[in-house]
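Read through the structure below, which is laid out as structure tokens, and then see the notes.
The values are calculated or read from the model by the stated rules, or taken from the named source; none is laboratory data. Note that the structure is predicted; figures quoted are calculated from it, not measured. Heads up, the Cβs are rebuilt from the backbone with ideal geometry, glycines too, and the neighbour counts pull from every protein chain shown. For accessibility, only protein heavy atoms count, side chains too; no ligands or nucleic acids. Shrake-Rupley method; radii C 1.70, N 1.55, O 1.52, S 1.80 Å.
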Amino acid sequence: MKIINFDNAATTLIDETIEKEYQALLNEHFYNPSSPHRGGYEVKRKIDASRDAILKNLNLSKNDYKVVFTSGATEANNLAILGVARRYKNRGKHLITTSIEHPSVLRVFYYLRDEEGFRLSILEPDQNGIVSLEKLMAAIDDETILVSIMATNNEVGSLNDVEGMVQIIRKYPKCFFHVDVAQAIAHRKLNYNLFDLFSFSAHKINGLKGSGALIMKSKISLAPMIFGGEQEFGMRSGTEDAEKDIVLSSTIRLAIDKLNSKYAVIKTMHDHLYDSLVKLEDDIIMNSPRDGSPFIVNFSLKNKRASVLVEALSNAGIYVSTSSACSAKLAKESYVIKAMFADERRAKNSIRISLGYDNTMDEIDTFLNTLEKILKEIMQND
Ligand code: PMP
């Protein structure tokens, strides 16, 4: 059975070019970049060249920004939030985030509030999954040292106006702005020069799992998260995962090429999928805004269990997700959809279809036909 993968927000198929480059590095450049011999120097040179290329691909100057390689967005989010809060706590103890962040952001803020005495403001989204500039304006004050808001939500694909938020945050010079761009980096054009820090994972953009980065303004100092041999500017010690760090630059370059050349195709597929779902069945209620990220379409079933549908689709070779893959096992309902609609039933029965650059219009049509058939069967068995 040919599988249709509509769970790209969870992870993506590795790009063939990346796979080959990674394999070659494993064989030829396995030396420790801290070693005092030519093999080590060459690996170090390649890691530094990767940092420079990443910044260049994101239109950032290496005088102003630095790349801290991490194991992914979870670690980068933790490092950014804990690092800023702990380093700058003497300037103020107020933090701002939103209720629809990924757990790797939200739980860090809860920890800082509950265990380290920070005051925390949590901004709520509207029914489009968007946090307004007005809410940010009302929450920020002279004590605020960090605002962390995601660019694109991973469950519903709503797009926050993170660029507009910068204008508000800049009025508070003590305050840094961190943006989780894990679902935005190759899916949405952003002016990264506006952000103080931002995080992402390679495996969401056809790269390797266990790889990602925190990119941050060089003038910012962070409390370290892992102590040891002072690798990654002393913030994240431990022998570098050199091969992954090196291929991250190609991963980003290829992903940005796809954003430039294939975004319009994804948008056409998305619009067809979204509009067909609206027409398909009375039982379906859309959770994603139509003008959100074209990579994510989320809907709920009004009267049926989402898990039954996800399983039936999986048996037919179509992989979709209930809420986000990472929280599917943790919670029975989606806290994102609950925050948007205050409706528990809807939050318990959401389905996320997430597209990637490898998907085709034929796959969308196969999905729609299969979905219609399954929904009819489920209804007959009721
Ligand atoms: N932030 C967002 C918005 C995400 O979608 C994810 C992955 N689901 C993460 C952070 C965490 O990424 P990872 O699991 O690769 O560390």
Practice item. Report the residue count in region 24-70 for those that are hydroxyl-bearing (S, T, Y), over 16 Å from F233 (Cβ atoms) and outside any helix (DSSP H, G or I). Key: 3
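For residues that are of a type in the set (A, V, I, L, M) and more than 18 Å from R305 (Cβ to Cβ), scanning just region 357-377, find the one that is surrounded by the fewest Cβ atoms within 10 Å (Cβ to Cβ).
Here the residue is M361.
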Review point. Can you name the helices (runs of 4 or more DSSP H) wholly within region 224-330 that have at least 1 residues being at pLDDT 95 or above, open to solvent by less than 50 Å² (accessible area, probe 1.4 Å) and touching a helix residue (DSSP H, G or I) at 6+ places or on another chain (Cβ under 9 Å)?
Key: 242-280, 306-315
Review point. Of all residues in region 61-82, which are out of contact with any strand residue (DSSP E or B) (no Cβ under 7 Å at 6 or more places or on another chain) and away from the ligand (no atom under 16 Å from the Cβ)?
Key: S61, K62, N63
Review point. Somewhere in region 97-108, is a residue in contact (Cβ under 8 Å) with a residue 40 or more places away in the chain, under 27 Å from E333 (Cβ atoms), more than 18 Å from the chain's Cα centre (by Cα) and in the same structural domain as F227 (by TED's automatic domain parsing)?
Key: no
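Is it true that T11 is open to solvent by 30 Å² or more (accessible area, probe 1.4 Å), within 16 Å of the ligand (Cβ to nearest atom) and over 22 Å from L194 (Cα atoms)?
Yes, satisfied.
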Point to revise | Extreme residue, farthest from H203 (Cα to Cα), among residues of region 58-72 that are open to solvent by 50 Å² or more (accessible area, probe 1.4 Å) and of a type in the set (S, T, N, Q) | key: N63
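Would you confirm, using the coordinates I've provided, whether A186 is open to solvent by less than 20 Å² (accessible area, probe 1.4 Å) and modelled with pLDDT under 95?
When the stated conditions are applied, A186 passes them.
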Review point. Is it the case that some residue within region 144-156 is more than 16 Å from the ligand (Cβ to nearest atom), open to solvent by 10 Å² or more (accessible area, probe 1.4 Å) and either in a strand (DSSP E or B) or free of Cβ contacts under 8 Å to residues at least 40 places away in the same chain (or both)?
Key: no
Exercise for review: Considering every residue within region 85-103, establish whether at least one is within 16 Å of the ligand (Cβ to nearest atom), touching a helix residue (DSSP H, G or I) at 6+ places or on another chain (Cβ under 9 Å), assigned to a helix (DSSP H, G or I) and within 25 Å of G207 (Cβ to Cβ).
Suggested key: yes
Exercise for review: Return yes when S199 is within 18 Å of the chain's Cα centre (by Cα) and closer than 30 Å to K62 by Cα and no when it is not.
Suggested key: yes
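Only residues that are part of a loop (DSSP other than H, G, I, E, B) and within 16 Å of the ligand (Cβ to nearest atom): list them for region 166-204, please.
V181, A182, Q183, A184, I185, A186, H187, R188, L190, F195
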Point to revise | Checking S211 against (1) among the polar types (S, T, N, Q); (2) away from the ligand (no atom under 11 Å from the Cβ); (3) touching an Asp or Glu at 6+ places or on another chain (Cβ under 9 Å), the condition it does not meet | key: (2)
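Test E163 against the stated conditions and say whether it is within 13 Å of the ligand (Cβ to nearest atom) and not assigned by TED's automatic domain parsing to the domain that holds S350.
So E163 does not fit the description; no.
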Check your understanding: Do you know which of the residues in region 16-33 that are exposed (fewer than 14 other Cβ atoms within 10 Å of the Cβ) and touching a residue at least 60 places away in the same chain (Cβ under 8 Å) is farthest from L254 (Cα to Cα)?
Key -> F30
